[in-house]
Structure formats: structure tokens, C-alpha cells
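Working notes, structure below.
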Amino acid sequence: ILRLFSAPVRTEGTLIGRIVVLRDVTAETEADRLKSEFASTVSHELRTPLTAIHGNVALLLSERPGKLTDDQREFLTLTQGSVQRLTELITEILDLSKLESSGLHLERTSVDCGPLAQLVVKTMEEQARTRGIELSLSLPEKLPTVLGDAARISQVLMNLVSNALKYTHTGGKVIVRLSASESQLTVRVADTGIGIAPEDRGRLFAKFFRADNSTTRSVGGTGLGLAISKAIVEGLGGTIWVESTPGIGSTFSFTLPLESLAAPDEARIAPHP
Ligand code: ADP
């Protein structure tokens, strides 16, 4: 199997040529396929009994009051929470494994990130209200479109906003800001939360990494959200990073290349005349 990589070469914005590289990826493709197949089989096998446990516990919890003692009800509720966390973990591991083995197809369509951010903020508003945090969105009047995968960009944004809410105390603020330069769109999620220690910053985007502090210990999480976000953003040709001051807050940012800069054949990997 040969894979063709092609990138435009520009001088001051004018297309002057194109670099084309052909690589034999037969062995890599087969290894990726096996890895992806293994992850989806394992995840399916794990999910089936979990669905059964979830259903049975829900059935017991729906019993009329008095039939279960308070202790029994409490243990069942704890079990239900664990089942839910395990289900989330399996979904995230499968997601990451697909992304890493390029088994997850990322769309390359024209995406208007303004309405997408509005929807994410609206979806998270209730959670922000419950936690007593002010969530706001700052959008310029006009934003250029990017070439990407709307569902996956939403997933990244949702993940960053959800983290910002999780790691910010009541009374804090979370602001989502979108802006664009000539070449890229930048999305920033700033919070006035607990911040991140300098020694943790380098490991934040690694799989399963969770900072060791009391807030992290008390809020649920898998340590996979940022690793998934990084894989998605980089898969779409962007970058993701964090700036943070402990005790003051954090700003997570990611960029995405503008649609107007993509060559017409860039997404389709077709031979160039
Ligand atoms: P999770 O939130 O499920 O633990 P993530 O991969 O999303 O996993 O985040 C990894 C770790 O990075 C978190 O456990 C937390 O320690 C830290 N973190 C992420 N976002 C923030 C934030 N906005 N403020 C402070 N710490 C954060």
C-alpha cells in the first residue's frame, strides 16, 4: 500500500509548487488494522456485560420505597456510578485507540466554528449554573470557516469547557473566545480555576495523566480527555497547548487551519497536475 503525502509550497501567499512524498505503508497499515480490531472487539466484549449490570441495577433501584433498605439503595447507587465510569472509560480508550491507529476517520468539510461554539456553551450552561460558575462566549462578528470535522471539533471544545468547569471553584469564571488570523482559527478556553503546577504541564496531554491534587482526586475523570483532544486537533492539522498559573487559572488553546488556505486537492490526496 502506497500513501501519498502532498503539501503546497507558497511564497508570500502565492502557490509556487507542491511537495509530494510516496511512502510504502503496508506493514504499518496492517498493524494499525489489527490494533483497531482488537480494541473494538475488547470494548464490545466489555460493554455487553456492563449493559446487563446497568440494566439490572436500574431495575432494583426502581423498586418501590420500603422494599430496599437505605443501605442497599446506597450500595446500588454506588455500583451504578462505577458502571457508568467504566463505560465512559471504555468509550474513551476505544476512541483514542482508533485515533492513534488512524482508524478514526476525520471529516474534512467546511466548518463554521461560531455556531458550533454557541451550541457547546449552551449545552454546558446548566452544568455551569449548578456549579455556580459564570460561563461566557466571545465571538467576533465574522469568522472564517475551517476545514475539519464538526463533531470532533465540538468534542474537543466540550472537553475543554467541561475540564474548565471541573477544575474551577464556585464563583469562578470560564470564558470561551474564538478569533482568527490570516492562516488559522484560534479557540481559547480560559478559567479562573485551580491552575496547573509547572512540573505537570508537560505531561498534561499524555494518556491517563491526572495531576495529583485534592480537586482532581475529588472530581471524576479518566485522564484521557486531553490525550483525545490532542489527537483530534493534530489530526486536523492544528496545535493545542496550555498556559497556566497555579491558583489563578488556566487557558487551553487550539488552532485549526483555515479552509481558504487549503489547496483544492489537499483533502482528497489526489495526484496534482
Ligand atoms: P480528566 O479530566 O478526565 O482527569 P483530562 O485528560 O481531561 O482528564 O485532564 C488531565 C488532567 O489535567 C486532569 O486530571 C487535571 O489534573 C488537569 N486539568 C485539565 N484541565 C484543567 C483545568 N482547566 N484546570 C486545572 N487542571 C486541569
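For the residues I228, I194, the requirement of being surrounded by 21 or more Cβ atoms within 10 Å (Cβ to Cβ), over 30 Å from L15 (Cα atoms) and modelled with pLDDT under 95 singles out I228. Does T51 satisfy being touching a Ser or Thr at 6+ places or on another chain (Cβ under 9 Å) and surrounded by 10 or more Cβ atoms within 10 Å (Cβ to Cβ)? The answer is yes for T51. Here E243 qualifies as over 17 Å from the mean Cα position of the chain (by Cα), closer than 22 Å to R177 by Cβ and surrounded by fewer than 17 Cβ atoms within 10 Å (Cβ to Cβ). Within region 140-159, restricting attention to residues that are within 21 Å of the chain's Cα centre (by Cα) and assigned to a loop (DSSP other than H, G, I, E, B), which residue is surrounded by the fewest Cβ atoms within 10 Å (Cβ to Cβ)? Among those that are within 21 Å of the chain's Cα centre (by Cα) and assigned to a loop (DSSP other than H, G, I, E, B), it is T145. The number of residues in region 199-239 being within 13 Å of the ligand (Cβ to nearest atom) and without any contact (Cβ under 8 Å) to a residue 40 or more places away in the chain comes to 18.
Any residue at all in region 171-181 that's free of Cβ contacts under 8 Å to residues at least 12 places away in the same chain, more than 12 Å from the ligand (Cβ to nearest atom) and farther than 20 Å from G132 by Cα? Yes, region 171-181 contains a residue that is free of Cβ contacts under 8 Å to residues at least 12 places away in the same chain, more than 12 Å from the ligand (Cβ to nearest atom) and farther than 20 Å from G132 by Cα.
Please indicate, with yes or no, whether at least one residue in region 65-81 is closer than 21 Å to G148 by Cβ, out of contact with any Lys or Arg (no Cβ under 6 Å at 6 or more places or on another chain), of a type in the set (V, I, T) and not in a helix (DSSP H, G or I). No - not one qualifying residue is present in region 65-81. For region 127-161, a residue qualifies if it is of a type outside the set (G, A, S), over 19 Å from V187 (Cα atoms) and more than 16 Å from the ligand (Cβ to nearest atom), and the qualifying residues are R129, T130.
Where strands (runs of 3 or more DSSP E) fall wholly inside region 160-273, the ranges with 2 or more residues that are of a type in the set (S, T, N, Q) are 184-191, 240-245, 249-257.
Residue pairs whose Cβ atoms lie under 6 Å apart, sitting 6 or more positions apart in sequence or on different chains, and linking a residue in region 26-45 that is without any contact (Cβ under 8 Å) to a residue 40 or more places away in the chain to a partner that is not in a helix (DSSP H, G or I), are T26/I1; T29/I1.
If the condition is being among the acidic types (D, E) and in contact (Cβ under 8 Å) with a residue 40 or more places away in the chain, then region 133-159 contributes E134, D149.
With the structure loaded, tell me whether A164 is more than 9 Å from the ligand (Cβ to nearest atom) and among the hydrophobic types (A, V, I, L, M, F, W, C) or whether it fails that test. It is false that A164 is more than 9 Å from the ligand (Cβ to nearest atom) and among the hydrophobic types (A, V, I, L, M, F, W, C). Residues in region 1-36 that are surrounded by fewer than 10 Cβ atoms within 10 Å (Cβ to Cβ) and charged (D, E, K, R): E12 only.
Going by the structure shown, is A58 closer than 30 Å to L4 by Cα, at pLDDT 80 or above, in a helix (DSSP H, G or I) and not hydroxyl-bearing (S, T, Y)? Considered against the rule, which asks whether it is closer than 30 Å to L4 by Cα, at pLDDT 80 or above, in a helix (DSSP H, G or I) and not hydroxyl-bearing (S, T, Y), A58 comes out as no.
The values are calculated or read from the model by the stated rules, or taken from the named source; none is laboratory data. The model shown is predicted, which means the values in this text are computed figures rather than measured ones. Counting neighbours? That spans all protein chains shown, and the Cβs are built from the backbone with ideal geometry, glycine included.
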